[in-house]
Amino acid sequence: MTWLKTPAKKQAFKDAQLKWIALRDADCLYQAGKPEDSGSIWPLLQSQCLADQTRVRLKQLQAYVACREEGCPR
């Protein structure tokens with residue numbers, strides 16, 4: 001996380017990431033439904049959702065790191 005310039009920015013990023021993980025997990029639970037309602041396909045639905053959303057987040061984080069313009073998260 002060398003692209004984050006101060007300890008406060010690093011902590012803010014960690015906090016945001018933890019909140020994003022909670023949001024991702026809740027959203028995937030909503031999308032996949034409860035395990036007892038979806039049967040044996042639920043683990044596949046849940047893991048696919050988690051993987052898809054994590055790929056999107058990874059691209060977002062890569063854009064943050066690559067950003068060299070004014071207004072980039074730093």
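Among the listed residues 18, 45, identify the single one that is of a type in the set (A, V, I, L, M) and out of contact with any helix residue (DSSP H, G or I) (no Cβ under 6 Å at 6 or more places or on another chain).
Details: 45 fails: out of contact with any helix residue (DSSP H, G or I) (no Cβ under 6 Å at 6 or more places or on another chain).
After ruling out the rest, the residue left standing is 18.
Could you list all residues from segment 38-66 that are of a type in the set (Gly, Ala, Ser) and at negative phi?
38, 40, 47, 51, 63, 66
Filter segment 28-74 down to the residues that are over 29 Å from residue 3 (Cα atoms) and charged (D, E, K, R) and list them by number.
34, 36, 37
Where a number appears in this text, it was derived from the coordinates with a stated rule and is not lab data. Quick caveat, the model's predicted, so the values are computed rather than measured. Note that each Cβ is placed from the backbone with ideal geometry, even for glycine, and that neighbours are counted across all protein chains shown.
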